[in-house]
Amino acid sequence: MANSTFEQEIQRTGKLIYTNVGDSMMPLIRQDKDLLIIEKVTGRLKKYDVPLYRRDSGQYVLHRILKVRENDYVICGDNRWHREYGITDRHIIGVLTGIVRDGKTIPVTDKKYLFYVHLWCDFFPVRALLVRIRMKLHKMRRKKKT
């Protein structure tokens, strides 16, 4: 993928395999440890799909769809509580089809993966509260150290 963008690689091969940067999809995706398999999108995405998209700012993001609306998607990272609105099909580059963890490929059709997705997303208000509390505690600890 030397000197090509994500869009160019997916257009050229139909697939992109890379490691992520950031913690917004923890605990599912571990930064710099897991390989992500992203494939070309055909048609509209569904609830729980994890698209790779490019914001209008140019930033690449990999977050989960919580709701499919007529003209856009409601999206949020698994380790975030703020929902993002206004992501449309024109922003979408590809969709997560698998994760390679410790040499083993986990497809998004795997029963354990699907259990995680439903547990993590169907109880979004509880998860959001837990993530907020954890972040506030982390912030308080950092202030205490200084």
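Listed values, structure above:
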read-out	value
Every pair of residues 6+ apart whose Cβ atoms lie under 7 Å, when the first sits in the stretch 30-53 and is in a loop (DSSP other than H, G, I, E, B) while the second is basic (Lys, Arg)	34/101; 47/67; 48/64; 50/64
Tabulated pairs, the stretch 115-135, first closer than 10 Å to residue 79 by Cβ, second open to solvent by 80 Å² or more (accessible area, probe 1.4 Å), C-beta under 9 angstrom, 6+ apart or interchain	127/119
Pick from the stretch 24-55, criterion open to solvent by 70 Å² or more (accessible area, probe 1.4 Å) and charged (D, E, K, R), ranking: nearest to residue 95 (Cα to Cα)	40
Strands (runs of 3 or more DSSP E) within the stretch 72-146 that include 2 or more residues touching a Cys at 6+ places or on another chain (Cβ under 6 Å) and hydrophobic (A, V, I, L, M, F, W, C)	none
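One line per residue, one yes/no per condition, for (1) on the phi > 0 side of the Ramachandran plot; (2) open to solvent by 60 Å² or more (accessible area, probe 1.4 Å); (3) touching a strand residue (DSSP E or B) at 6+ places or on another chain (Cβ under 6 Å):
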position: 57; (1), (2), (3): no, yes, no
position: 61; (1), (2), (3): no, no, yes
position: 66; (1), (2), (3): no, no, yes
position: 75; (1), (2), (3): no, no, yes
position: 82; (1), (2), (3): no, yes, no
position: 90; (1), (2), (3): no, yes, no
position: 102; (1), (2), (3): yes, yes, no
position: 105; (1), (2), (3): no, yes, yes
position: 110; (1), (2), (3): no, no, no
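The values are calculated or read from the model by the stated rules, or taken from the named source; none is laboratory data. What you see is a predicted model; the values in this text were computed from it and never measured. So basically every Cβ, Gly included, is an ideal-geometry build from the backbone, and we count neighbours across all protein chains shown. Surface accessibility is based on the protein's heavy atoms, side chains included, excluding ligands, DNA and RNA. Shrake-Rupley method; radii C 1.70, N 1.55, O 1.52, S 1.80 Å.
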